[in-house]
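Contents: one structure, followed by commentary.
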Amino acid sequence: MGDDDERRRIPRTDRLLELPAVARARQRLGEAEIRAIIAERQRAAREGSLPVAEVEPAVERALSAAAASTLRPVLNATGVIVHTNLGRAPLSDAAREAVLAAAGYADIEMDLGTGKRSARGAGAREALLRACPAAEDALIVNNGAAALLLAVTACGPAAPAAPATASAPGQEIVVSRGELVEIGAGFRLPELMETTGARLREVGATNRTHPADYLRALGPATRCVLKVHPSNFRVDGFTSDVGVARLRELLDADEAETGRRIPLVVDLGSGLLAPDPLLPDEPDIDGALRAGADAVIVSGDKLLGGPQAGLLLGRRETIERLRTHPLARAVRSDKLTLAGVEATLRGGRTPVQVALHADPERLRERAEAVATRVSAAADLHLTVVPHDGRVGGGGAPGVPLPGWAVELPEVFATRLRLGTPAVVGRVHQERCLIDLRCVDEEDDEALAEALVEAAQGVRAEARQALDPNGERPLKPYRTR
Ligand SMILES: *Cc1c(COP(=O)(O)O)cnc(C)c1O
């Protein structure tokens, strides 16, 4: 039989479209997506990489596995709580419910009592103000970077009593040289700020900045003073910086002398609602406001444990100025974010808090239960080793969070990532470490099953490689 005959036997599209699997898939997928899945298998058959008889089952399998989004849920077994590559903070149950509820029509800008237009996201704002009593007002935007952009664009001396003698009045952002951070993947705060047309007036040295450095920089050209909390690195040794309270004093003295009030903007990065004894170097929002910040910026999806958002809290005049700036419209949050932020604040403990405060002894018990179960089911001998978790992209650089991990050979890592559910462990020194800190206890069983499946895959591969004829008995696989 020639190739042409073979190709003519490839099932035609109209026939494949009649498969029951297509009818089921239509509840989740659009027609174009379904046709693309079919066309791909037909093409594979034409090219000879898929046997003709396999086209129909392959289409059925692909359709039943296909989801409308290619994003896959992942069990985070890295021990890194705010994992940038895994979507940072996982939402609480309350936040998930709220996001789903807001997904349809919702009264985001309507007072249902009067039927009239209302302030967008009033509930989320209220919840923020309750959580941070030192804030007079609050504004929620897309993310921390957008909040910073808005703040340094819209801020300016409230009463420019000083005549505009400088060539570009209010064009300088005064910031310590030690705080010009890169927040990740090549994104640098100084470059972001320069896109606003402002000049950065860098003060101090990388390791030390003194009050006098700020004082020398203040003048008619100052738009604001920015203080950035270094959330992803630490400078140790001969260092000093000027705290928020001291900056407030300097700016108050400047105001008394000149009549201009230069805003003090504080980018905290992570955003603890209250001080946490576990993270002594992480500043909290209320503390920064009490110390005298005019506006505080935090991300919603770091230690706060909510959806991606940028939260701005501070003095009434400052926040109002940001709210009414044209740029505010370009960075405004959507209803899903507003619902998620509000429910994160009003709901119970967030998964981030649970992971951060996980009891090491409990982590050990859980790891041992998983190791025992997998060892028995897959005929392995897995061990549990001490392992430090981390806060991750959310802050508290260098703070270890003592815990435990199931130790596996590195070959497990890829299989686990590609399994169902996908499990991402920490690959370190040729081992794959499974840390349960960021895994919901309810998922321990699914995690154990994924490990068993991966072990079976690894075993089958090893047997194939070591003993293609399948005759020599294999010893149980042992970790080091
Ligand atoms: C993370 C971070 C940002 C950026 O916030 P996103 O929410 O990621 O946009 C800005 N400043 C600091 C200090 C940060 O840690």
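Since every read-out is calculated from the coordinates, none of them should be taken as a lab result. Note that this is a predicted model, so its numbers are computed, not measured. Please note: Cβ atoms are built from the backbone with ideal geometry, for glycine as well, and neighbour counts cover all protein chains shown.
Summary table
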read-out	value
Listed residue (GLY395, GLY310, ALA413) projecting farthest to the positive dipole end of the stretch 310-432, Cβ model	GLY310
Global geometry of the stretch 261-385, whether rounded, prolate or oblate, following the gyration tensor of its Cα atoms and the 1.5 cut on a/c	prolate
Extension gain (nm, one decimal) between ALA101 and ALA446, 0.36 nm per residue minus Cα-Cα	121.5 nm
Equivalent ellipsoid dimensions for the stretch 160-302 as semi-axes, Å, which come from the Cα gyration tensor, largest first	25, 17, 15
Percentage, to the nearest whole number, of Cα pairs in the stretch 1-86 over 15 Å apart	62 percent
Cβ crowding within 10 Å averaged over residues, with 258-266, 240-248, 121-129 ranked highest first	258-266, 121-129, 240-248
No Cys partner within the rule (Cβ under 4.7 Å), the chain	CYS132, CYS432, CYS438
Among PRO51, ALA25, ILE37 the positive-end extreme of the charge dipole of the stretch 19-65 (Cβ point charges)	ALA25
Cβ crowding within 10 Å averaged over residues, with 67-77, 279-289 ranked highest first	279-289, 67-77
Sum of -39500 (n - 2.57) over DSSP H runs of 4+, divided by residues of the chain (222 nm, nearest 500)	-11500 deg cm²/dmol
Cα-centre dipole for the stretch 92-347 with unit charges at Cβ (Lys and Arg positive, Asp and Glu negative), debye to 20	560 debye
Student exercise, the stretch 19-65 dipole from Lys, Arg, Asp, Glu Cβ charges, in Debye to nearest 20	120 debye
Rg to Rh, two decimals, where the chain supplies the alpha carbon set and Rh follows Kirkwood	1.08
Among beta bridges that DSSP assigns inside the stretch 92-347, antiparallel share in %, nearest 5	45 percent
Over the stretch 92-347, equivalent-ellipsoid semi-axes from the Cα gyration tensor in Å	32, 21, 16
Three-way shape label, the stretch 64-112, alpha-carbon gyration tensor, a/c 1.5	oblate
Rounded to 5, percent antiparallel among DSSP beta bridges of the chain	55 percent
Rounded FRET efficiency, nearest 0.05, which uses the C-beta distance separating GLU320 from ASP252 and R0 of 22 Å	0.55
Dipole magnitude of the chain about its Cα centre (Cβ charges: Lys, Arg +1; Asp, Glu -1), debye to nearest 20	740 debye
Highest average packing first - 14-27, 297-310, Cβ atoms within 10 Å	297-310, 14-27
